[in-house]
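**Q** Please read through the structure below; I'll follow up with questions.
The values are calculated or read from the model by the stated rules, or taken from the named source; none is laboratory data. The structure presented is a predicted model; accordingly, all values stated were derived computationally and were not measured. Here the Cβ is made from the backbone with ideal geometry for all residues, glycine too, and neighbour counts use every protein chain on show. Quick note on the areas: whole protein, heavy atoms, side chains included, nothing else; ligands and nucleic acids left out. Shrake-Rupley method; radii C 1.70, N 1.55, O 1.52, S 1.80 Å.
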Amino acid sequence: MSNKEKVVLAYSGGLDTSIIIPWLKENYDYEVIAVVGDVGQGEELEPLREKAIKTGASKIYIEDLKEEFVTDFIFPTLKAGAVYEGKYLLGTSMARPCIAKRLVEIAKKEGAVAICHGATGKGNDQVRFELTVKALAPHLKIIAPWRIWDIKSREDAIDYAQARNIPIPVTKKDNYSMDRNLWHLSHEGSDLEDPWNEPQYDKILKLMTTPEKAPDEPDYIEIDFEEGIPKRINGKEYGPVEIIQELNKIGGKHGIGIADIVENRLVGMKSRGVYETPGGTILHIAHRELEHLTLDRQTMHFKEMVAIKFAELVYDGNWYTPLREALSAFVDSTQKTVTGTVRLKLYKGNCMPAGAKSKYSLYNEDIATFGKDEVYNQKDAEGFINLFGLPLKVRAMMMEKNK
């Protein structure tokens, strides 16, 4: 048994974490325990077990977090309608606190004194990992190699790996930074760093086809929700993980869910990324359409403001905060009537609402009709407008008097 103190490393087998294990061994006298959080990377994770041990880890945990990721992070964010800066559906942002939570649990189990992550000093992920650790285990030390070591670029990291014969999943010619989970796949770096460059979609897309190559005939699908949670596609029931996987296939086939965004990072700089979120885009549009049918005007408008703040909290790594939890409580209250079915038309990158129904629908044809009705007295509108417009009238009268 080793008497060394232990550090738990958030391990992915990617470029950064591949070199962190030997770097920790060279620079700290710690026993390194690697932890892989499986949030739906879609790759074979088992080979990482051998790779981590070969590069110096004493132990590796490969944790299946997919269902927890969906039920405890994706669905609450979907119900909130949270989208960062109008485009980003928060795939990486939601995954980091889920993974970090498990890092803390294993650190406590192993009696570790520190947690290490491979996030850079320029990015958002360092904040997301570390705020989660501070919220759940404030006694743990945090090691962030990118803020310490002499490696200054991905090219330097590749050189470091090659000098130690460490297999890595990128080369200097194909140097995109990618993050994949059940909800999305992100692409950053390389030619995307110039916002004027059009993304090479044929080269980078992994989850979907381009809209140009999508089928020439549309597909119609129906999604059933219960209290804001998607349950069925075309009448067939799916589990939380499976429904996203199925919608990723359907959306990917039709080229739905590409987002090219220059976003404002929390650390103060702008960055450019391309996100593939086929299933998430379908669910966001469907959920919003059902809310249009079932939420009253005041609740819906206030919830739109909540969605902006919720997205900001998630993006900034503030998942385990009183405010996020309070906003989720509000959101859950609004979702009690968000039950029903939405029909969507999918065609060459477009996801178009094609009908919605709910037993909680607030749409009343008898009142809304342009035909003759016995419910709504149009004469009542005159008094309403007179009172609603009274402040404008009083102000105008004052201005005329003081000309």
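**Q** Anything over 30 Å Cα to Cα? Flag those among 231/348; 87/253; 25/152; 109/152; 122/345; 206/359, in the order listed.
**A** 109/152; 122/345; 206/359
**Q** For the chain, report the accessible area per residue in Å² (1.4 Å probe, heavy atoms, rounded to an integer).
**A** Counting only protein heavy atoms, the per-residue value for the chain is 51 Å².
**Q** What is the helix-to-structure angle for 240-253, meaning the angle in degrees between its Cα long axis and the longest Cα principal axis of the chain, kept from 0 to 90 and rounded to the nearest 10?
**A** Helix 240-253 and the main axis of the chain meet at about 80 degrees.
**Q** Filter the GluC sites (Glu not before Pro) in the range 1-54 to those in DSSP coil with at most 16 other Cβ atoms within 10 Å of their Cβ, and list the result.
**A** Sites meeting the loop and neighbour criteria: 43, 44.
**Q** Next question, about the same structure. Output ³J(HN,Hα) for the range 217-227: one whole-Hz value per residue in order, computed from phi by the Karplus curve 6.51 cos²θ - 1.76 cosθ + 1.60 with θ = phi - 60°, and x for Gly and Pro.
**A** 10, x, 10, 10, 10, 10, 10, 9, 10, 10, 6
**Q** Same structure again: How high is the FRET efficiency between residue 44 and residue 332 when r is their beta carbon distance and R₀ equals 45 Å, given to the nearest 0.05?
**A** After rounding to 0.05, the efficiency reads 0.75.
**Q** Quick check: at a probe of 1.4 Å, how many percent of the accessible area of the range 280-344 sits on carbon and sulfur atoms?
**A** Here carbon and sulfur together make up 56 percent of the probe-accessible area.
**Q** For the chain, give the share of DSSP beta bridges that are antiparallel, in percent and rounded to the nearest 5; count only bridges with both residues there.
**A** 65 percent
**Q** Given a 1.4 angstrom probe, I'd like the percentage of the accessible area of the range 176-247 that is carbon and sulfur, rounded to a whole number.
**A** Reported share for carbon and sulfur atoms: 42 percent.
**Q** Still on this structure: So how far, in whole Å, is the C-alpha centre of the range 1-53 from the one of the range 149-222?
**A** Between the Cα centres of the range 1-53 and the range 149-222 lies a distance of 22 Å.
**Q** Turning to a different aspect of this structure: Go ahead and estimate [θ] at 222 nm for the chain from helices alone: -39,500 (n - 2.57) per DSSP H run with n ≥ 4, summed, over the residue count, rounded to 500.
**A** Computed mean residue ellipticity for the chain: -12500 deg cm²/dmol.
**Q** Please list, ordered by chain and number, the residues whose modelled amide H lies under 5 Å from the amide H of residue 62; skip anything fewer than 5 residues away on the same chain.
**A** 36
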